[in-house]
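Student: Please read through the structure below; I'll follow up with questions.
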Amino acid sequence: RALFQRAVELDPKNAVAHCNLGVVLGDHEVLRTKDGQLWDKRSLYVKAIELDPSYAFAYNNLAVLMAPQEWVRLADGSCWDRRSLYFAALQLDPGYAVAYNNLALSLGFQERVQCLDAFWDRRALHQKALELDPRHCCAYRDLALALRPKETVLLQGGQCHGNVGRRELLLEAIRLEPSSAENYRLLAETLQKDEELMLNGVQMGKTQVFVRSLELDVDPVTCAQLGVHLGPDSCRVKGWSSPASWFSGAAEEGDNSWTGTQLIERALQLAPTRPDVLMAAATFELERPRADRTKARQLLLVAVAQGGRPNVAAAAGRLALLM
């Protein structure tokens with residue numbers, strides 16, 4: 001970072017230096033250059049565009065930082081929202097795979113936009129990104145999320161080609177980025193309770209795929225989903241201490257098997273107000289042999305109280321069915 005900062009100080013009109021410094025700067029970090037100017041990621045990308053209006057990379061990077069309804073004003077007085085910045089990046093560089101994929105993520109599932117004299121929906125933009133860069137692992141995951149459960153899409157080129165669905169896309173994303181916990185979680189979601197598949201040369205079921213995700217990242221959503229899947233059964237997660245050690249700080253490790261109930265409790269401790277965790281916990285309560293509808297309602301009420309956060313509408317729908 002010091003080298004990029006030094007480059008900006010030595011050449012204040014260098015757009016690439018400003019953009020590179022923005023890339024390495026932390027999301028909430030602010031630095032001061034020798035001239036006393038304060039910079040954060042956004043101001044660096046804005047400056048890069050002002051210095052070089054043909055710099056597609058800067059338009060894309062600025063767009064990634066912006067909220068859907070947010071605008072930014074440049075020195076020439078022009079105002080830009082997130083989507084117009086992506087349009088500009090693609091007009092400047094029609095082969096920019098990352099910008100196609102990011103533009104897709106700015107669209108609703110049924111939304112279409114006009115760009116480069118063509119109309120695009122979310123799925124088509126992800127496909128274009130993969131056509132341009134068949135090793136773009138995030139685009140495989142994002143295209144999988146844009147598909148309905150049994151829907152397929154035609155891909156050409158790369159190792160993942162032909163008519164493929166969510167599962168094949170996620171398997172390719174894992175092949176390209178085997179350290180992504182999210183990809184394993186999403187893959188586990190495509191499996192039926194007793195279904196297995198071959199992954200990295202190993203036959204794995206739904207439990208094993210969820211566990212692999214948790215071994216890479218202790219994510220509360222994955223924790224809750226595995227809890228719902230296990231129910232009264234248990235599993236071990238490599239690197240985890242025993243439930244007794246986690247919940248009470250007991251010195252004795254004891255058995256490090258985690259039941260579905262304990263995984264739900266851990267998820268709620270990690271993210272007590274996250275709607276998708278609360279929804280999973282409510283599902284767990286309803287699927288018990290003796291369903292606790294009162295506790296499920298309480299969990300869904302907390303989820304609904306989170307306002308505009310993702311999955312709140314779904315929680316409200318579930319709650320209405322229990323009232």
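The values are calculated or read from the model by the stated rules, or taken from the named source; none is laboratory data. Fair warning: this is a prediction, and the values are worked out from it, not measured in the lab. For neighbour counting, all protein chains shown are included, and Cβ atoms are generated from backbone atoms with ideal geometry for every residue, glycine included. Ligands, DNA and RNA are stripped out before the accessible areas are found, and what is left, the full protein with its side chains, is counted by its heavy atoms. Shrake-Rupley method; radii C 1.70, N 1.55, O 1.52, S 1.80 Å.
Student: Go over the candidates Glu196, Glu285 one by one and state the one that is under 28 Å from Gln306 (Cα atoms) and acidic (Asp, Glu).
Tutor: Unique residue meeting the criteria: Glu285.
Student: Follow-up. Kindly provide the set of residues from region 215-241 that are surrounded by fewer than 24 Cβ atoms within 10 Å (Cβ to Cβ), of a type in the set (A, V, I, L, M, F, W, C) and more than 17 Å from Gln192 (Cα to Cα), ordered by number.
Tutor: The answer is Leu216, Val218, Val221, Cys235, Val237, Trp240.
Student: Let me ask another. Identify, please: which residue in region 274-323 is open to solvent by 60 Å² or more (accessible area, probe 1.4 Å) and of a type in the set (S, T, N, Q) and is, among those, modelled with the lowest pLDDT?
Tutor: Asn311
Student: Taking the conditions exactly as written (closer than 21 Å to Ala224 by Cβ, small (Gly, Ala, Ser), at pLDDT 95 or above and in contact with a Phe, Trp or Tyr (Cβ under 7 Å, 6 or more places away or on another chain)), does Ala173 satisfy them or not?
Tutor: The answer is no for Ala173.
The rows are residues; the columns are (1) open to solvent by 70 Å² or more (accessible area, probe 1.4 Å); (2) at pLDDT below 95; (3) more than 13 Å from Ala104 (Cβ to Cβ); (4) under 18 Å from the mean Cα position of the chain (by Cα).
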{"site": "Tyr140", "(1), (2), (3), (4)": "no, no, no, yes"}
{"site": "Leu143", "(1), (2), (3), (4)": "no, no, no, yes"}
{"site": "Gly165", "(1), (2), (3), (4)": "no, no, yes, no"}
{"site": "Thr190", "(1), (2), (3), (4)": "no, no, yes, yes"}
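Student: Let me ask you something else. For residues that are touching an Asp or Glu at 6+ places or on another chain (Cβ under 9 Å), farther than 21 Å from Ala89 by Cβ and among the hydrophobic types (A, V, I, L, M, F, W, C), tally how many sit in region 1-38.
Tutor: 2
Student: In region 66-85, what residues are surrounded by 15 or more Cβ atoms within 10 Å (Cβ to Cβ) and in contact with a Phe, Trp or Tyr (Cβ under 7 Å, 6 or more places away or on another chain)?
Tutor: The answer is Val72, Trp80, Asp81, Leu85.
Student: I want to confirm something. Restricting to region 242-260 and keeping residues that are under 27 Å from Asp194 (Cα atoms) and at pLDDT below 95, which single residue is surrounded by the most Cβ atoms within 10 Å (Cβ to Cβ)?
Tutor: Pro243
Student: What number goes with the only condition from (1) in contact with a helix residue (DSSP H, G or I) (Cβ under 9 Å, 6 or more places away or on another chain); (2) over 27 Å from Arg148 (Cα atoms) that Ala97 does not pass?
Tutor: Only one criterion in (1) in contact with a helix residue (DSSP H, G or I) (Cβ under 9 Å, 6 or more places away or on another chain); (2) over 27 Å from Arg148 (Cα atoms) is unmet by Ala97, namely (2).
Student: Search region 1-27 for residues being outside any helix (DSSP H, G or I) and not hydrophobic (A, V, I, L, M, F, W, C), and hand back the single one that is nearest to Tyr86 (Cα to Cα).
Tutor: Within region 1-27, the match that is nearest to Tyr86 (Cα to Cα) is Asp27.
Student: Same structure again: Just to check your reading of the model, which residue among Val30, Val113 is of a type in the set (Val, Ile, Thr) and more than 30 Å from His161 (Cα to Cα)?
Tutor: Val30
Student: If you don't mind, there's one more thing I want to ask. Could you list, in sequence order, all residues of region 200-223 that are within 21 Å of Arg167 (Cα to Cα), aliphatic (A, V, I, L, M) and in contact (Cβ under 8 Å) with a residue 12 or more places away in the chain?
Tutor: Within region 200-223, Val209, Val211, Leu214, Leu216, Val221 qualify.
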